[in-house]
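The values are calculated or read from the model by the stated rules, or taken from the named source; none is laboratory data. As the structure is a prediction and not an experimental result, all values here were calculated from the model. So basically every Cβ, Gly included, is an ideal-geometry build from the backbone, and we count neighbours across all protein chains shown.
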Amino acid sequence: MQASTAHQFKGARTPDETIARAYDFADLSSYSPKQRFLIRAADLSFFLLIKTIGRTIRWRVEGWENWEAANTNGQLPIYTFWHSQIFLGTYFFRNRRIVVMTSRSFDGEYIARFIQRFGYGAARGSSTRGAVGALVEMTRLMRAGSPAGFTMDGPKGPRHVAKNGAVLLAKKTGQPILPFAVLPERYWEARRSWDRLQIPLPFSRAVVKVAPPIYVATDVDRDGIELKRVELQQTLNDLSSASNANC
């Protein structure tokens, strides 16, 4: 029993190691030279595109008092939004050390890299446990002092159908969910992509709408989790509705 316990603790990471793993670029040695080149090229291309356009946007914010409420008394918000708004959402909330879930894949690696350049962390979890492992990793990171972020219908949809990840994380950590929307006035829409990604036109105006925090009790049951998921989905839809999108 003692030997087994010692082995378990030997392999465990300290909080500092957990945090460093999220914010540092991952080793690419398992990829081919061509894949390594493509990952680095995609990483820099997306980073420069988002940064260049983001710097030209004229911002207006509504509901910032809700962000302040979710950050009081040592709370750490769990930021939530729709995947179609990831372009401007990434830029607006940069440099806040928000941890997001990324997959262990070619696409997941270049995404992890360009968001890390904006000051985000990447929770990959284990290669065998997938999203469950990443959720465990995000729980560790929140307990170590990092806020979290979710594209609620990501990574592959269905569009505007919220998954349970943020609600489960709120239950495990006791931290508030913070729904928001980033709505550009003029944008190009990728109609062939599942999320209909919005890429804002340079020098456009955009409004950021932040809803009141949603709290999830740590003893909530399965039915309660579903109710909170539906509440979050409706809140995000209300924030993103056409009548609410005036810039």
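Looking only at segment 11-64, how many residues end up being among the aliphatic types (A, V, I, L, M), surrounded by 12 or more Cβ atoms within 10 Å (Cβ to Cβ) and part of a loop (DSSP other than H, G, I, E, B)?
Counting residues in segment 11-64 that are among the aliphatic types (A, V, I, L, M), surrounded by 12 or more Cβ atoms within 10 Å (Cβ to Cβ) and part of a loop (DSSP other than H, G, I, E, B) gives 3.
Could you grab me the full set of residues in segment 57-115 that are hydroxyl-bearing (Ser, Thr, Tyr) and touching a strand residue (DSSP E or B) at 6+ places or on another chain (Cβ under 6 Å)?
Answer for segment 57-115, where residues must be hydroxyl-bearing (Ser, Thr, Tyr) and touching a strand residue (DSSP E or B) at 6+ places or on another chain (Cβ under 6 Å): Tyr79, Thr80, Ser84, Thr102.
Kindly indicate whether Ala122 is farther than 26 Å from Leu227 by Cα, at pLDDT below 95 and buried (at least 16 other Cβ atoms within 10 Å of the Cβ).
Yes.
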